[in-house]
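Report on the following structure.
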Amino acid sequence: MQITVNGKPAVLPESSTAQELIQRLELSGKRIALEVNGTIVPRSTYHSHQFHEGDHVEVVHAIGGG
Amino acid sequence: MNTAIKSQDPLADVFTIAGRSYRARLLIGTGKYKDLEETRRAVEASGAEIVTVAIRRTNIGQHKDAPNLLEVLPPDRYTILPNTAGCYTAEDAVRTCRLARELLDGQALVKLEVLGDEKTLYPNVTETLKAAETLVGEDFQVMVYTSDDPLIAKRLEQIGCVAVMPLGAPIGSGLGIRNPYNILSIVENASVPILVDAGVGTASDAAIAMELGCDGVLMNTAVALARNPVLMAMAMQKAVAAGRQAYLAGRIPRKRFASASSPLDGKFF
């Protein structure tokens with residue numbers, strides 16, 4: 001299954017979950033937020049949220065800014 | 001004036017945003033510092049209680065163990081104010097705020113800014129109004145960056161923004177408070193806190209904003225790009241406090257001609 005993560009293509013096993021992606025990106029335990037196809041995926045549902053072919057995923061965090 | 005407490009006790013002089021009281025009237029941005037350690041030291045020196053952050057993509061595969069901004073500025077110590085910097089449409093700004101709320105465990109407080117063009121970074125007021133309506137409808141507590149137009153400032157308040165933040169001059173310009181009479185009109189008509197956001201170049205600019213009766217000043221570049229950011233942060237804290245005290249104390253009216261300070265009676269010459 002191919003999806004897009006932060007603008008770059010990524011290949012995941014079928015029915016991968018958000019939690020698996022976060023682990024794979026080594027972001028477990030980090031303060032992040034996740035959006036799939038423009039909709040927020042709450043942290044509490046990472047374990048059950050499954051990706052689909054072509055999903056556009058954004059993973060964001062806080063950085064310095066005014 | 002909404003929350004101004006006419007008191008000589010600086011500890012009692014607080015202002016309230018979205019139900020939470022703050023003593024520090026200097027709010028500080030965290031962009032453009034050399035590194036996170038300099039950010040931390042400057043924020044600490046400024047005495048700020050509210051600090052702004054930007055929301056951006058994680059650098060996947062990079063700096064895995066690098067410290068995160070929110071580890072250096074923990075949300076249990078500071079009120080973290082996520083901004084929508086870099087957004088040019090209401091849609092992008094709303095999307096950014098939704099991500100920020102998720103990132104900060106449901107925190108509703110956000111700084112809305114929708115920009116018009118890259119050269120001036122002037123606020124796009126029509127998109128700002130649109131975004132503010134959507135965000136207030138979704139129960140966000142919106143501190144909104146806007147132009148120094150008193151009618152638009154009032155409109156944003158009527159929409160339900162919890163603070164209105166007109167620019168003193170373009171973002172990062174350091175030109176100071178270019179239109180003090182408009183800032184004054186905004187302050188006089190407001191029933192939510194008014195903060196000057198953007199344009200401050202040095203300490204006297206911050207003092208002028210406060211002398212006009214603003215509830216606070218938000219700045220970033222003036223501190224971050226000063227030759228010595230930590231020292232400038234200290235100067236800004238004092239300037240904001242001094243301007244506030246001068247506002248509460250009440251300045252003398254301007255007169256065209258002199259008025260002697262020493263008595264004329266008892267002269268022996």
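The values are calculated or read from the model by the stated rules, or taken from the named source; none is laboratory data. Remember, predicted model here, so these are calculated numbers, not experimental data. Ideal geometry is used to build each Cβ from the backbone, glycine not excepted, and the neighbour counts take in all protein chains shown. We work out accessible area using only protein heavy atoms, side chains counted, and drop any ligands, DNA or RNA first. Shrake-Rupley method; radii C 1.70, N 1.55, O 1.52, S 1.80 Å.
Looking at chain A, the GluC sites (Glu not before Pro) that sit in a DSSP loop and have at most 16 other Cβ atoms within 10 Å of their own Cβ are A:Glu14, A:Glu26, A:Glu53.
Once the Cα-Cα distance is subtracted from the 0.36 nm per residue extended length, the A:Glu53 to A:Thr4 segment shows a gain of 16.7 nm. Accessible surface computed residue by residue for the protein assembly as shown, with neighbouring protein chains in place and a 1.4 Å probe, gives 49 Å² per residue. Whole-Hz Karplus values for region A:3-17 come out as 10, 10, 10, 6, x, 10, x, 9, 10, 10, x, 3, 6, 5, 9 Hz, taken residue by residue from phi with 6.51 cos²θ - 1.76 cosθ + 1.60 and θ = phi - 60°; glycine and proline positions read x.
Between the amide H of A:Gly66 and those of B:Thr30, B:Gly31, distances stay under 5 Å, these residues lying 5 or more places away or on another chain, with hydrogens modeled in the peptide plane. Rounded to the nearest percent, how much of the accessible area of chain B (1.4 Å probe, protein heavy atoms only) is carbon and sulfur? Taking all protein chains in place, chain B shows 51 percent carbon and sulfur surface. Our coupling estimate for region B:127-142, obtained by passing each phi through the Karplus curve with A = 6.51, B = -1.76, C = 1.60 and θ = phi - 60°, is 5, 4, 4, 4, 5, 4, 4, 4, 5, 4, x, 9, 6, 6, 9, 9 Hz, Gly and Pro reported as x. Scanning chain B for GluC sites (Glu not before Pro) lying in DSSP loops with no more than 14 further Cβ atoms inside 10 Å, the longest uninterrupted stretch between such sites is B:139-269.
Proximity of backbone amide H atoms, modeled 1.01 Å from N, is registered between A:Val5 and A:Ala10, A:Val57 at under 5 Å, excluding neighbours fewer than 5 places apart on the same chain.
Out of region B:98-207, which trypsin sites (Lys or Arg not before Pro) are coil in DSSP terms and have no more than 15 other C-beta atoms within 10 Å? Listed in order of number, the matching sites are B:Lys119, B:Arg178. Considering only beta bridges that DSSP places wholly inside the protein assembly as shown, some 45 percent are antiparallel. Of all beta bridges that DSSP places with both ends in region B:98-236, some 10 percent have antiparallel geometry. Interface between chains B and A: roughly 2500 Å² of accessible area buried, both sides summed (probe 1.4 Å, protein heavy atoms only). Just for chain B, what percent of DSSP beta bridges are antiparallel, to the closest 5? Restricted to chain B, the bridges split so that about 15 percent are antiparallel. Under 5 Å between amide hydrogens, built in the peptide plane, is the criterion, and for A:Ile32 it picks out nothing among residues at least 5 positions away or on other chains.
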